[in-house]
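Reading through the structure tokens given below for one structure.
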Amino acid sequence: MQVYPSDLTDRQWSKIENYFQIRKRKHSLRVIVNATLYIAKSGIQWRMLPKEYPKWELVYYYFRKWVAEGLIEEIHESLQEHCRKQAGRNESPSMGVMANEYVLANATEKQQKNIALIFLLLSTIMLLIIINLLKFLRPQAQEFLVHRQILTCF
């Protein structure tokens, strides 16, 4: 199987494998996790997942299952605490930076423009705390500039 830059190393996998129910399967959960990381890193559509990975429907099923169970968030929080400890910080951040951005997508002259508002909250060592995506349609087609606003949160 081809190795992609988004694939987990053995060391990285050892830090999260205990979160998954390990039992005999046709496809290892590590390969499925690697497939979800490939999608996140490359930004491709699910159906464009390379053939080296399991079928996209299976990868999508596990991803949705893990999101619904809160497993992705649990792993993220655990890794964040681990990184903060390594950096000599408290496990929980006491300060962060908030950013938001309006992003224009699928813009054409004759169609409505899709506008997405993305909110990010980062710790002071730039670890992601919260990401929130709000998508809405702009009723009139007109030019928009990307709007960025940085606020310090206490």
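Here region 3-103 yields Rg over Rh of 1.01, to two decimals, using C-alpha coordinates and the Kirkwood radius.
You can think of it this way: the chain between SER42 and MET95 has 16.0 nm of extra reach, that is 0.36 nm per residue less the Cα-Cα gap. Neighbours of GLU77, meaning other residues whose beta-carbon lies under 12 angstrom from its beta-carbon, give a summed charge of -3 when Lys and Arg score +1 and Asp and Glu score -1. Shown here is the pair-distance distribution of region 57-99: with all Cα-Cα distances grouped in 5 Å bins from zero up to the longest one, the shares run 5, 21, 17, 18, 15, 12, 9, 4, 0 percent.
Taking R0 as 22 Å, what's the FRET efficiency between ILE72 and ASP10 from their Cβ-Cβ distance, rounded to 0.05? The computed FRET efficiency comes out at 0.55.
Starting from the Kirkwood radius over alpha-carbon pairs of region 27-85, derive D by Stokes-Einstein at 10 °C in a medium of 1.306 mPa s and give it in µm² s⁻¹. Taking Rh from Cα pairs, D becomes 130 µm²/s.
Say the cut-off is 27 Å between C-alpha atoms; which of LYS26/LYS51; LYS24/LYS51; LYS24/LYS65; LYS24/LYS85 go over it? Going by Cα-Cα distance, LYS24/LYS85 fall outside the 27 Å limit.
Each reported figure results from applying straightforward, stated rules to the coordinates on display, with no laboratory input. Small disclaimer: the values here were computed from a predicted structure and weren't measured. Every residue, glycine as well, gets a Cβ built from its backbone with ideal geometry; the counts of neighbours run over all protein chains shown.
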